[in-house]
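In what follows, a structure is listed as structure tokens, so that the remarks can point back to it.
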Amino acid sequence: MPRPIPPVADPAPIGAQSLTHAPVAPEALLRQHACFIPGDTRFRAAARLRQSLWRQEQGLPAGLHRPGGNCILRHLPLGSTLQPADAARGLNFLSPNVHTFVRRSLVLREEGAMIHYDRLHRNLLSSEPLTYNLFVPLALNLDLATSTLRQLLPTFVHQITGIRFETSPGRHNARYLADGTAFDAALSVITPDGEPATVFIEVKYSEGCTGPAATHRPRYDEASREAALHHDPDSPALRSTLLEQFWRLHLLAQLAVRHSVTPRAHLLVLYPQLNRRVRSATHRYAAELSDPTGSSPDLTGFSALTLETFVAALAQTGGGAEAAYLHHRYLDLQPVLDLVLAESTTPDRDPPPAGTPLLLPPPSSAATSAEAVAAPIVPSSDDKAGPSRRQRQRPISTTTAPSSGATARQPVRRLKGKAAVPAPRTSAHSPSPRWQTQEVR
């Protein structure tokens, strides 16, 4: 018997976000749930813990990973991943129908499409399966898609006629960006004026817009000047790690119009309301645009909406079960807050960012000769390793999920008049940095 959409008991109001900040999850609690990854932002840590709690609700064991991807080290649990057998059953997806759709789309994917099989199927935190969970129910019901997108983009969408995934008008084509930049999804639409058009989609979940950025290419500068989308096409801000992905995607959408792939286009970014880094990045990018609404038919518009807004529109237009699943699994951080508050002790201030030197208090009179010991710093890892997702080069593989790397204790140095601080790590076993490739997605 087909597995139904997992029910949600006493769901919060669909699309509502009662919290103003992501909860601060203590390191001890994250470790208890096999979710501590140094380098996680505040939102990412809370979202990782939320995915681990959701997995536990489904009665599924945690997946395993190798710290730092080192094949010599033994596997360790990672709460935000599934085990291979559960991943193969499609349990990272909203329903069996969504899983079947994903399997078919992978078999029929575009030439050059970069799909990371392991991340898509095993990684609960990744925005790749989130994209399919958001849009496959709409692809299977274009009436529902039309009703939902009309609410979100009423001046641009009258009807949805089709949805495709992991798509680009021209990968590695010199007429475009001569790289592998691609969209998460593309919605073929009819505008209120009766004109065919395309809504290109970029989905963010726990990403922090921190890179690494794509290797800069002269073609980007040429396309930026040709597109005439920005106040200053040569602005350094557009090339910053924070904004460059939105810049490339917007240029690619505009080039699709210029080369008659679609008569009109609009770029829509979706992100969680509590992911303040993506919120800030999209606001800053919009400020660089000369016509963000795309009021001129020749210019591609840009919008950034919260996932909460998308889910609320989906619920109001007949996708109640799907909306409840999406809200409960991805957006409702109340279970994380409840778990943190249930702890006997909670931090009274935000912890320092991962990798920041730990400043220890001055030694007490009772222990003036005691040596202060700095907390170990563990190499951070990302659930999207390598270049950012829109510029990565990654063939289908069965590599393991991200890992936290090996820990290393550091010596402590004491500066005159200062608290003890850890000396720079010089271990010969420290992992070498992963430099970005020239290929981009």
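The values are calculated or read from the model by the stated rules, or taken from the named source; none is laboratory data. All values reported here derive from a predicted model rather than from experimental measurement. Heads up, the Cβs are rebuilt from the backbone with ideal geometry, glycines too, and the neighbour counts pull from every protein chain shown. Ligands, DNA and RNA are stripped out before the accessible areas are found, and what is left, the full protein with its side chains, is counted by its heavy atoms. Shrake-Rupley method; radii C 1.70, N 1.55, O 1.52, S 1.80 Å.
Of everything in the range 22-51, what is in contact with a helix residue (DSSP H, G or I) (Cβ under 9 Å, 6 or more places away or on another chain), among the aliphatic types (A, V, I, L, M) and not in a loop (DSSP other than H, G, I, E, B)? Give them in sequence order.
29, 30, 45, 46, 47, 49 - these are the residues of the range 22-51 that are in contact with a helix residue (DSSP H, G or I) (Cβ under 9 Å, 6 or more places away or on another chain), among the aliphatic types (A, V, I, L, M) and not in a loop (DSSP other than H, G, I, E, B).
Residue by residue through the range 48-63, note down the ones that are of a type in the set (D, E, K, R) and either open to solvent by less than 60 Å² (accessible area, probe 1.4 Å) or over 18 Å from residue 85 (Cα atoms) (or both).
Result: 48, 50, 55.
Considering only residues that are open to solvent by less than 10 Å² (accessible area, probe 1.4 Å) and more than 16 Å from the chain's Cα centre (by Cα), which ones fall in the range 114-142?
Residues satisfying the conditions are 136, 138.
Counting only residues that are open to solvent by 10 Å² or more (accessible area, probe 1.4 Å), in a loop (DSSP other than H, G, I, E, B) and closer than 20 Å to residue 206 by Cβ, how many does the range 273-332 have?
The qualifying residues number 3.
Go through the range 233-268 and give me each residue that's part of a helix (DSSP H, G or I) and out of contact with any Ser or Thr (no Cβ under 8 Å at 6 or more places or on another chain).
If the condition is that a residue be part of a helix (DSSP H, G or I) and out of contact with any Ser or Thr (no Cβ under 8 Å at 6 or more places or on another chain), then 236, 237, 239, 244, 255, 258 are the ones that fit.
Within the set of pairs 6+ apart or on separate chains, which have a first residue in the range 316-341 that is of a type in the set (S, T, N, Q), a second that is open to solvent by less than 10 Å² (accessible area, probe 1.4 Å), and C-beta atoms under 6 Å apart?
From residues that are of a type in the set (S, T, N, Q), the pairs are 317/148.
Please work out if residue 236 is closer than 27 Å to residue 148 by Cα, at pLDDT 95 or above and not hydrophobic (A, V, I, L, M, F, W, C).
It is false that residue 236 is closer than 27 Å to residue 148 by Cα, at pLDDT 95 or above and not hydrophobic (A, V, I, L, M, F, W, C).
Could you say which residue among 78, 106, 94 is touching a residue at least 40 places away in the same chain (Cβ under 8 Å), surrounded by 14 or more Cβ atoms within 10 Å (Cβ to Cβ) and in a loop (DSSP other than H, G, I, E, B)? Quick ask: steps written out before the conclusion?
Details: 78 fails: in a loop (DSSP other than H, G, I, E, B); 106 fails: in a loop (DSSP other than H, G, I, E, B).
Answer to the check: 94.
Scan the range 7-46 for residues that are β-branched (Val, Ile, Thr), buried (at least 16 other Cβ atoms within 10 Å of the Cβ) and either closer than 17 Å to residue 274 by Cβ or at pLDDT 90 or above (or both) and report the count.
Here is the first cut: in the range 7-46, the ones β-branched (Val, Ile, Thr) are 8, 14, 20, 24, 37, 41.
Filter again for buried (at least 16 other Cβ atoms within 10 Å of the Cβ), leaving 8, 14, 24, 37, 41.
Restricting the remaining residues to those that are either closer than 17 Å to residue 274 by Cβ or at pLDDT 90 or above (or both) gives 14, 24, 37, 41.
Residues that pass the stated criteria total 4.
Please enumerate the residues belonging to the range 180-189 that are in contact with a His (Cβ under 9 Å, 6 or more places away or on another chain) and in a loop (DSSP other than H, G, I, E, B).
Passing the criteria: only 180.
Mind listing whichever residues of the range 190-219 are open to solvent by 20 Å² or more (accessible area, probe 1.4 Å) and touching a His at 6+ places or on another chain (Cβ under 9 Å)?
190, 192, 193, 194
Pick from 265, 228, 256: which is touching a residue at least 60 places away in the same chain (Cβ under 8 Å), exposed (fewer than 15 other Cβ atoms within 10 Å of the Cβ) and either over 17 Å from residue 283 (Cα atoms) or out of contact with any Cys (no Cβ under 6 Å at 6 or more places or on another chain) (or both)?
None of the others qualify; the one that does is 228.
Report yes if residue 177 is crowded, with 24+ Cβ neighbours inside 10 Å and assigned to a loop (DSSP other than H, G, I, E, B), otherwise no.
Answer is yes for this residue.
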